[in-house]
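Derivation of every value follows stated rules applied to the coordinates shown; laboratory data play no part. Small disclaimer: the values here were computed from a predicted structure and weren't measured. Virtual Cβ from ideal backbone geometry, glycine too; neighbours counted across all protein chains shown.
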Amino acid sequence: MATGSQPRASEEPEEEEEEEEEAVTEEEEDCTFLPLVHDIIKCMDKDSQDVYQELNELKSKFQSMRKQINNMAGIELSPEQQQQHLQSLRVQVQTKNELLQKYKSLCMFEIPKD
């Protein structure tokens, strides 16, 4: 039974990684302007009236990206303030990792066997 649970544990991270990769891919597609620009150029080459529709799509995409950028955490901070915040977060992570290693070495969390 122990071997049956081990493959499951190894499968779960793979599934999580796939979901993360899909999320990143979707975000990248959201920020891609090149296909819209390409469509605009094609419409201009054909002297099509669809060029205005494509331009409006590009405009709305730019507006959407501006909103996303303005909603990003820390965007109101200067680059120096962001660096300071990043450094303090790194120090916190390092301290917490050290504490975690310390607590693991204390062996206080042994699970009693039934």
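Using label points projected 7 Å from each Cα along Cα→Cβ, tell me how many nm separate Lys61 and Leu100, to one decimal.
Between Lys61 and Leu100, the simple spin-label model gives 4.0 nm.
Could you give the nm distance between label points at Gln68 and His38, where each point is 7 Å from its Cα heading toward the beta carbon?
1.8
Contour minus end-to-end for Gln53 and Ser88, with contour as 0.36 nm per residue of separation and end-to-end as the Cα-Cα distance?
Gain on stretching Gln53 to Ser88: 7.9 nm.
How large is ³J(HN,Hα) for each residue in the stretch 83-96, as worked out from phi by the Karplus curve 6.51 cos²θ - 1.76 cosθ + 1.60 (θ = phi - 60°), to whole Hz, x for Gly and Pro?
Per residue, the Karplus-derived 3J(HN,Hα) values read 5, 4, 5, 4, 4, 5, 5, 5, 5, 4, 5, 4, 4, 5 Hz.
Treating cross-link reach as a plain straight distance, find the lysines whose alpha-carbon is under 19 Å from the alpha-carbon of Lys96, omitting any fewer than eight places away in the same chain.
Once the sequence-local lysines are set aside, what remains near Lys96 is Lys104.
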